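The values are calculated or read from the model by the stated rules, or taken from the named source; none is laboratory data. In this text the structure is predicted, and so the values were computed from the model without any measurement. Cβ: placed from backbone, ideal geometry, glycine included. Neighbour counts: every protein chain shown. What goes into the accessible areas is simple: the full protein's heavy atoms, side chains included, and nothing from ligands, DNA or RNA. Shrake-Rupley method; radii C 1.70, N 1.55, O 1.52, S 1.80 Å.
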Amino acid sequence: MKIAVLGAGAWGTAISVGLAAHHEVTLWARDSAQCTTMRDTRINARYLPGFRLPGSVKVESEMAIAVRASDVVLIATTTDGLRDTLQRLRRAPCASPVVWLCKGFERESAKLPHEVCAEELDPTAPRGVLSGPSFAEEVARGLPTALTLATSDPAPAQRVVRELHGPRLRVYSSDDVTGVEVAGAVKNVMAIASGICDGLALGFNARAALMTRGLAEMTRLGSRMGGRMETFMGLSGIGDLILTCTGDLSRNRRVGLALARGTPLDAILSELGHVAEGVHTAREVMRIARELAVDMPISQAVHDVLFAGVPPAAAVSALLEREPKPEFH
């Protein structure tokens, strides 16, 4: 299969490396200077240092060339970069199935990726979201990973599932696009909360409670938006939540750890050097939660630490002082 990967960040580079053994991969980089450097060195020094691009991976800065004759297009940009990439893709042009890997809500509009795609792509174009517990570095190393490909039209997606599925990458199918996307977005907010919890040395009991109640918030919001409950019990829900809340490679968890140390948000993001989707997602999640009247106290606490100047310890105290309630309510 000929695969075009759009976005030469950590995730786009990693999945290009992971798929190169069995597919023809072209990696598109928006920055022509970055593209030239990657061609010459075969390394993405900024976003995924330490991993060489296989010789079979082509690196291209021209969108039309990157997607030419492709069997599928994987969009591995940030959520904020999705709309611009889709507009470029539409001008390419390209009739291949489009699969996006970003996790979050579009800033300001609070739209999910599939809603952005509906506005920018031909309505008849096959499309879907690939999500689940996946650190870029581990995918690049060829370590076992399982993901979910969700599309509202399963028929054209089956070939993509079969082709992407391999000895080290298991791909499951779903038709719950909204549920998969909401889970992928909200788990990043919970990862920031988990980092705060660990940074304040609140213990494993507290982290387990936070993750469990975070899953309840994720499920409440997702179900209200049209997702199915079982999706949140799967790879893109609890699976990704466990990974990002506990794994040291989680950028969002690292944001929480730094917030607990008292580091200003601007300094955290500058030092991180990568996008932590949970930061702006926290604002959009709370906007939607208010509109839909969904109770999300952990998400609210993260939002207040990030944007309202509430100290992390005070936010935790406020959560612990809430009135008791039935667990499943």
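Here the Karplus relation 6.51 cos²θ - 1.76 cosθ + 1.60, evaluated at θ = phi - 60°, turns the backbone of segment 233-243 into coupling constants of 8, x, 4, 6, x, 5, x, 5, 4, 4, 4 Hz, with x for every Gly and Pro.
The mean sequence separation of alpha-carbon pairs under 8 Å and at least six residues apart, normalised by the residue count of segment 205-329, gives a relative contact order of 20 percent. In the chain, the DSSP beta bridges split such that about 15 percent are antiparallel, to the nearest 5.
What do you get for the angle between helix 297-307 and the principal long axis of the chain? Use alpha-carbon atoms, 0 to 90 degrees, nearest ten. Helix 297-307 and the main axis of the chain meet at about 80 degrees. Phi angles across segment 63-70 convert, under the Karplus curve 6.51 cos²θ - 1.76 cosθ + 1.60 with θ = phi - 60°, into 3J(HN,Hα) values of 4, 4, 6, 4, 9, 4, 6, 6 Hz, Gly and Pro given as x. 3J(HN,Hα) along segment 316-321, derived from phi through the Karplus expression 6.51 cos²θ - 1.76 cosθ + 1.60 where θ = phi - 60°, amounts to 5, 4, 5, 5, 6, 8 Hz, with x in place of Gly and Pro.
Separation of segment 9-79 from segment 269-329 is 35 Å, based on Cα centroids. As I understand it, the value is the acute angle between the Cα axis of helix 32-41 and the longest principal axis of the Cα atoms of the chain; what does it come to in degrees, rounded to 10? Helix 32-41 sits roughly 70 degrees off the main axis of the chain. For the chain, the dipole from Cβ point charges (+1 on Lys and Arg, -1 on Asp and Glu) about the Cα centre works out to 580 debye, to the nearest 20. Excluding ligands, DNA and RNA, the accessible surface per residue across the chain is 44 Å² with a 1.4 Å probe. Taking only protein heavy atoms and a 1.4 Å probe, the accessible area of the chain is 53% carbon and sulfur.
Can you give the translational diffusion coefficient of the chain in µm²/s, computed by Stokes-Einstein from the Kirkwood radius over Cα pairs at 10 °C and 1.306 mPa s?
79
For segment 214-257, the fraction of C-alpha pairs farther apart than 13 angstrom is 55 percent.
Simple spin-label estimate for Leu319 and Ala209 gives 1.0 nm between the two label positions (7 Å along the Cα-to-Cβ direction from each Cα). The overall shape of segment 162-249, judged from the alpha-carbon gyration tensor, is oblate: a/c is not under 1.5, and a/b is no greater than b/c. Fully extending the segment from Asp71 to Glu327 would add 87.5 nm, taking 0.36 nm per residue of separation and subtracting the current Cα-Cα distance. How would segment 44-188 be classified by its alpha-carbon gyration tensor: rounded, prolate or oblate, with rounded meaning a/c under 1.5 and the a/b versus b/c comparison settling the rest? Taking the square roots of the gyration eigenvalues as a ≥ b ≥ c, segment 44-188 is rounded. Relative to the longest principal axis of the Cα atoms of the chain, the long axis of helix 251-260 lies at roughly 30 degrees.
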